[in-house]
Amino acid sequence: MTFGPKDAARPLPAPLLRRVTDPTTLREDLRGTPVGDELIGQSRATDAIGFGSAIRKRGFNLYAMGLQGTGRLASIRAFLTRRAQAEKRPDDWVYVNNFEVPEKPQALRLPPGTAVRFRAEMDTLIADLSIAIPALFDSDEYKARRGAIDQEFEEAQEQAFSALNEAGRAKSVTVMKTPVGFAFAPVRGGEAIKPEEFNALPDAERERIQTDIKALQEQLKGILMRMPASEKAHRDQVRQLNREMAGATVAVEMREVAEALGHIPTIQAFLDAAANDLVANLEIFLETGEATPNAPAQARNFGTPGNPRLKRYRVNVMVGDGDGGAGSPVVLEPDPTYHNVIGRIEHISQMGALLTDFTLIRPGALHRANGGYLILDAREILSQPLSWAALKRSLKSGLITVKSMAEQVSLVSTISLDPDPIPLDAKIVLIGDRWLYYTLMAADPDFIELFKVEVDFDDEFDRTADNTRLYARAIEALTGREKLRPIDDAGLARMVDEASRLAEDAEKLSLRIGVVADILREADHWAGEAGHERIGADDVARAVAERRRRSERIGLRVRESITRDIVLVATDGAAVGQINGLSVSQIGAQSFGRPTRITARTRLGSGKLIDIEREVALGGPLHSKGVLILSGFLAARYAPDVPVSLHASLVFEQSYGGIDGDSASSAELYALLSALAEVPIRQSFAVTGSVNQFGEVQAIGGVNEKIEGFFDICVQRGLSGAQGVLIPLANVKHLMLREDVVEACSQGRFSVTPVATIDQGIEILTGLAAGARDDAGHFPADSVNGRVEARLRAFAASRRRFGIGRAGVESDADAT
């Protein structure tokens, strides 16, 4: 049914108050065809996702915006998952020890699926060496060769001291070893001469003996001076033996790893460096072997505090799961803290000190998503300290650099690791609100350079026949995904109608799939309570009613204050300069209409229209704008040839909170015209709509809630058949009223009347013709407009007479 301007100022028929879907039409065409995970009505957004995920140039990351509940996250995740499955698997990344500069761990890029295998091979290698090397040094071959080296060293030492002893005997001097070193004493008769006997010898003999002892001391000194070099040579021989034998063992064990992974240059280079370090640090394995002899199971657990030095040969996997799966990763990070995004370097407390090494480097979301896609909540990452800056830094540099947060803010100065940065090749998807997108555009110059792809999700789409059937199929698919009861045709039709109600437009369907899904889940619950096998229209209606009932406590209290005459709102009778305006109050996710009395008073003045709400700072800028438009309308329409000599005041009675918006401007104008014309307004009507300077009534928001708010008051007081609401003609397409309101209107107990102009509205409200200017430019005297103009001209004349009288008094005073 159509309704045009020519039908304005007449009550609307029931079909235009609520557009109802015919359940039988849902069987047409493709009914029952399954719908995939893609969202309906979001072609622009899905095209943007496709473009943003396909282009691989730097800076083309995505920002997805729209109302919460439009399926942004679910659709993006499903789209990217499908796309990622067809993409190549990204390279693995590991950190290994830098044997030359341990505080700078090396990052190795490996073919996909290699990292976990590499780690396992190295674990096995070190575990095997932990057993093989101690066993090697306990072997007969090693003992024999080591014994030969030790014996050669000992024989050389013995020969040197034997020569010294022989030289002493030839000179009748004995060499004695004491706790403090070597001592020499003359010998006679096979026994050392006592000091007193030595002193009794002739001087010549004493001098000879002393000369001989001095020569022997020099010979001993030479022997002792050669001993460090001899010992070093001995140690070198032992070390060479150890390296020779251990090197062969390491080479044999290492050959298995090299055969498996040596074709990868980065791994082979690490294996070469590790082999050299293994041979150079054999004592590590000897210490471990002594601590856990003949214990293979324990030897494999070389990350324990008992042998931490073996950790230097481990492989720390940063990226790579080893499952051999295909496709690139799609990562959702729900808690984007600094360390969760960038990664962290952990520490272990040991004897009061914090220690770390490359095995304690942990990956962040950027590592896990490298080569694929990372989804982040915009508000979450902006609320985390340093996270946003770290993400931008990584995107601009193309590198993931792991640093501690304390180091970033210079809270501590300590020795830490400086691992190699890992190249970043990930597509970032931020999900957030529209206002946040435009705020970042204005406040952060880096944002537009890093997030060039705007993915804007629609809130609604056209309610055409094809779209309605598509929407019905999407609801059916949703019941399947949620494992709900099947929904029948009547239930589907009722859900489609509710989607229009959510869109606040009879010609649109809401794309807030999250809210639709919640209603469907509740309807499934009530269907179960009622013992229904399928979700029907009654179950959907109950779900909607129960949702409203759970959140209507404040609305009930507001209506109660009106029906008890605590807040004055009349629903019958007539009054001059008084009208019922309509507003919407939002409480949480629910909103309700609220009628408010608006009054106007007029008298002679200087052309000032007082907005009491603005004067007391309770009126917002949009409301003040609406009142100023009224001034323009009055000045242009009535008595344009005389000064405006009006003093008028407008107020929302019993309003104790802020007021904004211009949806009450038409009601304020009606009250003002009533006060000027001294014509009463029927209080059985409530009014909503804004007005322009030409007297045209314009569309407003929340029309359904506003109508229902006044209807509920009238129901509680008793419907008389004279009650109703005036709405802008432009809002007819938005009507999706409750069934009880539609039923009352169809029975003639309530009415919803659209108006296009103030003249149409004032005629309905007063029962008096608005009046139009004749050829001479005059309004009919008995019309509302004629009375208003006559009143304004009377004000102007009185003001002129008052001004002349004041001028005469002032002249007499001056003469006196």
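Just to be sure, is Thr757 closer than 21 Å to Ser665 by Cα, of a type in the set (Ser, Thr, Tyr) and open to solvent by 30 Å² or more (accessible area, probe 1.4 Å)? Full working, then the answer.
Working: closer than 21 Å to Ser665 by Cα: yes; of a type in the set (Ser, Thr, Tyr): yes; open to solvent by 30 Å² or more (accessible area, probe 1.4 Å): yes.
Considered against the rule, which asks whether it is closer than 21 Å to Ser665 by Cα, of a type in the set (Ser, Thr, Tyr) and open to solvent by 30 Å² or more (accessible area, probe 1.4 Å), Thr757 comes out as yes.
Among the residues in the stretch 576-596, are any modelled with pLDDT of 90 or more, closer than 30 Å to Val515 by Cα, of a type in the set (A, V, I, L, M) and open to solvent by less than 70 Å² (accessible area, probe 1.4 Å)?
Yes, the stretch 576-596 has at least one match.
Yes/no matrix, rows are residues, columns are (1) in contact with a Leu (Cβ under 9 Å, 6 or more places away or on another chain); (2) modelled with pLDDT under 75; (3) open to solvent by 20 Å² or more (accessible area, probe 1.4 Å); (4) part of a loop (DSSP other than H, G, I, E, B):
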| position | (1), (2), (3), (4) |
| --- | --- |
| Gln217 | no, yes, yes, no |
| Leu220 | yes, yes, no, no |
| Pro228 | no, no, yes, no |
| His234 | no, yes, yes, no |
| Leu271 | yes, no, no, no |
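Which one of Glu507, Glu482 is within 30 Å of Ser684 (Cα to Cα), open to solvent by 30 Å² or more (accessible area, probe 1.4 Å) and within 35 Å of the chain's Cα centre (by Cα)?
Numbers: Glu482 fails: within 30 Å of Ser684 (Cα to Cα).
After applying the criteria, what remains is Glu507.
Out of all the residues in the stretch 399-441, which are modelled with pLDDT of 85 or more, under 18 Å from His347 (Cα atoms) and among the polar types (S, T, N, Q)?
Thr401
Can you name every residue in the stretch 708-726 that is over 17 Å from Phe592 (Cβ atoms) and open to solvent by less than 10 Å² (accessible area, probe 1.4 Å)?
Just the residues of the stretch 708-726 that are over 17 Å from Phe592 (Cβ atoms), to begin with: 717-724, 726.
If the condition is that a residue be over 17 Å from Phe592 (Cβ atoms) and open to solvent by less than 10 Å² (accessible area, probe 1.4 Å), then Gln723, Gly724, Leu726 are the ones that fit.
Between Glu259, Glu253, which is in a helix (DSSP H, G or I), within 30 Å of Arg117 (Cβ to Cβ) and in contact with an Asp or Glu (Cβ under 8 Å, 6 or more places away or on another chain)?
On the way: Glu259 fails: in contact with an Asp or Glu (Cβ under 8 Å, 6 or more places away or on another chain).
So the residue among Glu259, Glu253 that is in a helix (DSSP H, G or I), within 30 Å of Arg117 (Cβ to Cβ) and in contact with an Asp or Glu (Cβ under 8 Å, 6 or more places away or on another chain) is Glu253.
Mind telling me which of the residues Ala570, Ala574 ends up being in contact with a strand residue (DSSP E or B) (Cβ under 6 Å, 6 or more places away or on another chain) and among the aliphatic types (A, V, I, L, M)? Steps first, answer last, please.
Numbers: Ala570 fails: in contact with a strand residue (DSSP E or B) (Cβ under 6 Å, 6 or more places away or on another chain).
On inspection, the qualifying residue turns out to be Ala574.
Could you check how many residues of the stretch 40-81 are in contact with a Gly (Cβ under 8 Å, 6 or more places away or on another chain), surrounded by fewer than 19 Cβ atoms within 10 Å (Cβ to Cβ) and of a type in the set (Lys, Arg)?
Counting residues in the stretch 40-81 that are in contact with a Gly (Cβ under 8 Å, 6 or more places away or on another chain), surrounded by fewer than 19 Cβ atoms within 10 Å (Cβ to Cβ) and of a type in the set (Lys, Arg) gives 1.
Report, by residue number, each residue of the stretch 58-84 that is of a type in the set (Lys, Arg) and outside any loop (DSSP other than H, G, I, E, B). So that I can check it myself, show each step before the final result.
Keep residues of the stretch 58-84 that are of a type in the set (Lys, Arg), which gives 58, 72, 77, 82-83.
Arg72, Arg77, Arg82, Arg83, listed by residue number.
Within the set of pairs 6 or more residues apart or between chains, which connect a residue that is without any contact (Cβ under 8 Å) to a residue 60 or more places away in the chain inside the stretch 557-577 to a residue that is in a strand (DSSP E or B) and surrounded by 13 or more Cβ atoms within 10 Å (Cβ to Cβ) with Cβ atoms less than 6 Å apart?
Val558/Arg594
Out of the stretch 528-546, which residues are touching a residue at least 24 places away in the same chain (Cβ under 8 Å) and open to solvent by 50 Å² or more (accessible area, probe 1.4 Å)?
Once the filter is applied, which keeps residues that are touching a residue at least 24 places away in the same chain (Cβ under 8 Å) and open to solvent by 50 Å² or more (accessible area, probe 1.4 Å), the stretch 528-546 yields His532, Glu533, Arg534.
Any residue at all in the stretch 686-695 that's out of contact with any helix residue (DSSP H, G or I) (no Cβ under 8 Å at 6 or more places or on another chain), closer than 27 Å to Glu789 by Cα and either touching a residue at least 24 places away in the same chain (Cβ under 8 Å) or surrounded by fewer than 24 Cβ atoms within 10 Å (Cβ to Cβ) (or both)?
At the first step, the residues of the stretch 686-695 found to be out of contact with any helix residue (DSSP H, G or I) (no Cβ under 8 Å at 6 or more places or on another chain) are none.
Scanning the stretch 686-695, I find no residue that is out of contact with any helix residue (DSSP H, G or I) (no Cβ under 8 Å at 6 or more places or on another chain), closer than 27 Å to Glu789 by Cα and either touching a residue at least 24 places away in the same chain (Cβ under 8 Å) or surrounded by fewer than 24 Cβ atoms within 10 Å (Cβ to Cβ) (or both), so the answer is no.
Pull up the stretch 645-675, narrow it to residues that are in contact with a Gly (Cβ under 9 Å, 6 or more places away or on another chain) and over 18 Å from Val691 (Cβ atoms), then point me to the one that is surrounded by the most Cβ atoms within 10 Å (Cβ to Cβ).
Across the stretch 645-675, the extreme among qualifying residues is Ser645.
Need a quick list: strands (runs of 3 or more DSSP E) entirely within the stretch 85-199 having at least 1 residues that are of a type outside the set (Phe, Trp, Tyr), at pLDDT below 85 and exposed (fewer than 13 other Cβ atoms within 10 Å of the Cβ). Lay out the reasoning, then the answer.
Working: elements: 92-96, 106-110, 173-178, 181-188.
Answer list for the stretch 85-199: 173-178, 181-188.
When you go through (1) assigned to a helix (DSSP H, G or I); (2) more than 23 Å from Ala797 (Cβ to Cβ) one by one for Ala636, which number turns out not to apply?
Failed condition: (2).
What number of residues in the stretch 626-638 are crowded, with 20+ Cβ neighbours inside 10 Å and modelled with pLDDT under 85?
Total meeting the criteria: 3.
When you check Gly701 against the structure, is it within 25 Å of His647 (Cβ to Cβ) and either in contact (Cβ under 8 Å) with a residue 60 or more places away in the chain or in contact with a Cys (Cβ under 7 Å, 6 or more places away or on another chain) (or both), yes or no? Walk me through it before giving the result.
Numbers: within 25 Å of His647 (Cβ to Cβ): no; either in contact (Cβ under 8 Å) with a residue 60 or more places away in the chain or in contact with a Cys (Cβ under 7 Å, 6 or more places away or on another chain) (or both): yes.
It is false that Gly701 is within 25 Å of His647 (Cβ to Cβ) and either in contact (Cβ under 8 Å) with a residue 60 or more places away in the chain or in contact with a Cys (Cβ under 7 Å, 6 or more places away or on another chain) (or both).
Restricting to the stretch 322-346, and then to whatever is surrounded by 15 or more Cβ atoms within 10 Å (Cβ to Cβ) and farther than 28 Å from Ser383 by Cβ, can you tell me which residue is modelled with the highest pLDDT? Lay out the reasoning, then the answer.
Start the filter on the stretch 322-346 by keeping residues that are surrounded by 15 or more Cβ atoms within 10 Å (Cβ to Cβ), which leaves 322, 327-333, 336-345.
Filter once more, keeping what is farther than 28 Å from Ser383 by Cβ: 322, 327-328.
On the way: Gly322: 60, Gly327: 88, Ser328: 91.
Per the stated criteria, the residue is Ser328.
Within the stretch 328-428, which helices (runs of 4 or more DSSP H) (wholly inside it) include 1 or more residues that are without any contact (Cβ under 8 Å) to a residue 24 or more places away in the chain? Please lay out each step first, then the result.
Details: elements: 338-342, 365-368, 378-383, 387-397, 405-408.
Hits in the stretch 328-428: 378-383, 387-397, 405-408.
Which members of the stretch 249-259 meet the condition of being touching a residue at least 40 places away in the same chain (Cβ under 8 Å) and open to solvent by 20 Å² or more (accessible area, probe 1.4 Å)? First the steps, then the outcome.
So in the stretch 249-259, the residues touching a residue at least 40 places away in the same chain (Cβ under 8 Å) come out as 249-250, 253-254, 256-257.
Matches in the stretch 249-259: Thr249, Glu253, Glu256.
Specify the residue that is most open to solvent (accessible area, probe 1.4 Å); the eligible residues are those in the stretch 432-450 that are closer than 19 Å to Glu380 by Cβ and not hydrophobic (A, V, I, L, M, F, W, C).
Among residues in the stretch 432-450 that are closer than 19 Å to Glu380 by Cβ and not hydrophobic (A, V, I, L, M, F, W, C), the one most open to solvent (accessible area, probe 1.4 Å) is Tyr438.
Scan (1) closer than 24 Å to Leu765 by Cβ; (2) over 34 Å from the mean Cα position of the chain (by Cα) for the single condition Val584 breaks and write down its number.
Here Val584 meets the rest and fails (2).
What residue, among those in the stretch 280-313 that are surrounded by fewer than 20 Cβ atoms within 10 Å (Cβ to Cβ) and at pLDDT 70 or above, is nearest to the chain's Cα centre (by Cα)?
Out of the qualifying residues, it is Lys311.
Select from the stretch 347-390 the residues that are of a type in the set (D, E, K, R) and within 25 Å of the chain's Cα centre (by Cα) and write down the one among them that is surrounded by the fewest Cβ atoms within 10 Å (Cβ to Cβ). Full working, then the answer.
So in the stretch 347-390, the residues of a type in the set (D, E, K, R) come out as 357, 362, 368, 377, 379-380.
Going one step further and asking which of them are within 25 Å of the chain's Cα centre (by Cα), we end up with 362, 368, 377, 379-380.
Numbers: Arg362: 15, Arg368: 19, Asp377: 17, Arg379: 13, Glu380: 17.
In this case the residue turns out to be Arg379.
Out of all the residues in the stretch 458-475, which are among the charged types (D, E, K, R), open to solvent by 50 Å² or more (accessible area, probe 1.4 Å) and over 15 Å from Val515 (Cα atoms)?
Selection gives Asp462, Asp466.
Which condition number in (1) under 25 Å from the mean Cα position of the chain (by Cα); (2) under 26 Å from Asp47 (Cβ atoms); (3) part of a helix (DSSP H, G or I) is the one that Tyr471 fails?
Evaluating Tyr471 over (1) under 25 Å from the mean Cα position of the chain (by Cα); (2) under 26 Å from Asp47 (Cβ atoms); (3) part of a helix (DSSP H, G or I) leaves (1) as the failure.
Open to solvent by 40 Å² or more (accessible area, probe 1.4 Å) and more than 30 Å from Ala686 (Cα to Cα): is that true of Asp524 in this structure?
Details: open to solvent by 40 Å² or more (accessible area, probe 1.4 Å): no; more than 30 Å from Ala686 (Cα to Cα): yes.
It is false that Asp524 is open to solvent by 40 Å² or more (accessible area, probe 1.4 Å) and more than 30 Å from Ala686 (Cα to Cα).
The values are calculated or read from the model by the stated rules, or taken from the named source; none is laboratory data. The structure presented is a predicted model; accordingly, all values stated were derived computationally and were not measured. Virtual Cβ from ideal backbone geometry, glycine too; neighbours counted across all protein chains shown. The area values use the complete protein model at the heavy-atom level, side chains included, leaving out ligands, DNA and RNA. Shrake-Rupley method; radii C 1.70, N 1.55, O 1.52, S 1.80 Å.
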